[in-house]
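Data first, discussion second: the structure below is written as structure tokens.
What follows is calculated from the coordinates using simple rules that are stated; it is not laboratory data. Small disclaimer: the values here were computed from a predicted structure and weren't measured. Cβ sites come from the backbone with ideal geometry, for glycine too, and all protein chains shown count toward neighbours.
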Amino acid sequence: MKASLRQHKLLLMITLFFSIITAAAGVLIALVLQKVIDAALQGDRGLFREILVISVVYLLLLGVMGLIYNLCSKALIRNLTLSLRERVFRGIFSRKAEAFAASNTADYLSALTNDIKQLEDQYIQPLLQVMQNVVVFAASVLVLLYISPLVTAILAGCMVLIFIIPSLFGTALQTKQSAVSAQMSIFTIRLKDLLSGFEVIKSYAMGTYAGHKFQTENRQAADTRFAADRLFALNESVSQTLAILTQFAVVFVAAYLIITGNLSAGSLVALVQLSGGFVGPVLVIMENLPKIKGVRPVVERIDALSAQHHDTPAEQLDPQFNVALSANHLQFGYTPGQPVLKDVSLTLDKGKKYALAGPSGCGKSTLVKLLTGYYDRYEGTVELDGTNLKQLDTSRLQELVSTIHQNVYMFDSDIHFNICLHEEFSAEQLEEVLHTSGIHKFLEQTNGLQSPVGENGSQLSGGQRQRIAVARALIRNKPILILDEGTSAIDMQTAYEIEGRLLALEDLTLITITHNMNELMLGRYDEIIYMEEGRIAERGSLHELLAYGGRFHDFYTQKEAVTPSNEQQQPLLQEIDAV
Ligand code: ADP
């Protein structure tokens, strides 16, 4: 927040300047009123005309100044919210994947929408109002002292009350504001969950449940806000009543001074006007200070999200991959005391093809994530060409590795964008990957590369999405490719075609997480790494492992029963080899 205010320091100063000018000029209305009424009562036509001309000029100037101030304050609000959103967005995207995944995405959405709006309403606008009213207040006090020190003293007494009473609400308001922010975040999370689950809700006739769930969350959000608003209402009413009391006191004291001959009628009008200029600002300040104080937890949340999370290792070396990627005694767990990887050591040579196999949940995906720098709070080391991954520039590490996941995210754009993302590739490169990934097969049924894919690829089948993911990875031509069951939804023939082509790429280091226990395909891998319960149980070529007759052999024979037989696949694979 402070950084955003600093960034727009100049505009803040200009806004403040015009705020001071308009506020101070506004107070002078009281003096104009005093002079014009006294001139009228005295029948002084010359003075009357003079004041009229001054008033017209004064009004014009006041109007122009007011307009400039309003424009500046609106521009300031625009710039501050813009800069806050940008900072939060950059902060979120500077997080490592693990830190990002620690919060729900709807929580981030809520921060970028609800919280920023709350800051605009409860921090920026109140801050501007407070600053302007401080000036109105100070100017009013000066003019009041000039007209009647006694009335000024009475007003000061009332003011003490106006200050003390609302400050009692400050802490309670802070708690309520914090609750509003938290509740809005929960509401956004639940809402996102319901909307994302639209298809499940429809197909399992969960409409009534969804309706109830939404109603409950909606009510809770509204009730939490209402609880805060009730307190604001109480705070505002107390302040307003005290303000009216103050104005009454001024009128009665001033009237008494007229009766005793110590004040002119013009001064009475000026005093009433000024007491508004005195009490009004105090009121505005007292209404707004608790808002500013109350919104502090939201400011802290926005500041925390805006914080940049860049790695700053002592030396950020450029990653090189010419020899091998290795892991030494890796230990890792998502939750303390529950290790997912237990003392894993392995070396993956450049250009070789590895199949990672094992029962679900044994840690295959986790191992691959650690090898590619996704998580960094593990014990042991991961080394790329002998250099510890933690010494490398992690942003550049991604230039070496592509991963094709089972579930791949599709941007709500067309096929072309989802393959190239924001990068430029030649027509030949594009043509080649369309062929390798099998996309060309379904392009004919669509409007070509410009076909929209829908929200997260909703207009495509699972297999089509995976083919786009394959093309996305291959077009970047990175030396390490990870296939994390990345062809599981593709029809068998295309999947084998794709895997066959990847196995034929000499320089590519391929790590495939697979459940497909097919002898012909597995036989083409240089090594099978078989994992169980977070450890590497066995490793070797398919031939070696089967001959050994150990744990992999058992796993293989169980799985083989559900995998298409070699006889079925033989013609297919021969066809693929011929491609
Ligand atoms: P595999 O790829 O062999 O199926 P994973 O590496 O995905 O296994 O998961 C290994 C274990 O870690 C499983 O028990 C899984 O529930 C747990 N796990 C995986 N990802 C997370 C996560 N992000 N948070 C907590 N636990 C996880």
Margin query: Only sites in a loop by DSSP and with at most 12 other Cβ atoms within 10 Å count here; which trypsin sites (Lys or Arg not before Pro) in segment 359-412 make the cut?
Written below: ARG377
Next item on the list: Amide H neighbours of LEU483 under 5 Å, at least 5 residues apart or on other chains, H built in the peptide plane: list them.
Entry: ILE404, ILE511, THR512, ILE513
Margin query: Compute for the chain: radius of gyration divided by Kirkwood radius, i.e. Rg/Rh, restricted to C-alpha atoms, rounded to two decimals.
Written below: 1.19
Check: Once you have the alpha carbon radius of gyration of segment 396-457, what is it after dividing by 2.2 N^0.38 Å, with N set to its residue count?
Finding: 1.17
Item checked: Mean separation of Cα contacts under 8 Å, 6 or more apart, over the residue count of the chain: relative contact order % -> 15
Check: Based on the mean of other beta carbon atoms within 10 Å per residue, what is the order of 208-219, 170-181, most packed first?
Finding: 170-181, 208-219
Next item on the list: With a 10 Å radius around each residue's Cβ, average the other Cβ atoms per peptide and rank 504-512, 464-472, highest first.
Entry: 464-472, 504-512
Margin query: Show me the helices of the chain, taken as full DSSP H stretches, that run 30 Å or more along their long axis by Cα and average 1.0 or above in Kyte-Doolittle hydropathy.
Written below: 45-93, 125-147, 265-294
Check: Normalised by the number of residues in segment 4-96, what is the relative contact order in percent for Cα pairs under 8 Å and 6+ residues apart?
Finding: 48
Checklist line | LEU11/ARG225 FRET efficiency (R0 35 Å; Cβ-Cβ; nearest 0.05) | finding: 0.70
Notebook entry, point to check: At q = 0.09, 0.12 Å⁻¹, what base-10 log of I(q)/I(0) does the Debye formula yield for segment 2-306 when every alpha carbon is treated as an equal point scatterer in vacuo?
Noted result: -0.62, -0.91
Check: Calculated FRET efficiency, VAL272 and ASN104, Cβ-Cβ r, R0 56 Å, to nearest 0.05?
Finding: 0.50
Checklist line | Charge context of GLY523, other residues only, Cβ under 12 angstrom, K/R +1, D/E -1 | finding: -2
Checklist line | Rounded FRET efficiency, nearest 0.05, which uses the C-beta distance separating LEU449 from VAL200 and R0 of 41 Å | finding: 0.85
Notebook entry, point to check: Shape of segment 23-81 from its Cα gyration tensor (a ≥ b ≥ c, root eigenvalues): rounded if a/c is under 1.5, otherwise prolate when a/b > b/c, or oblate?
Noted result: prolate
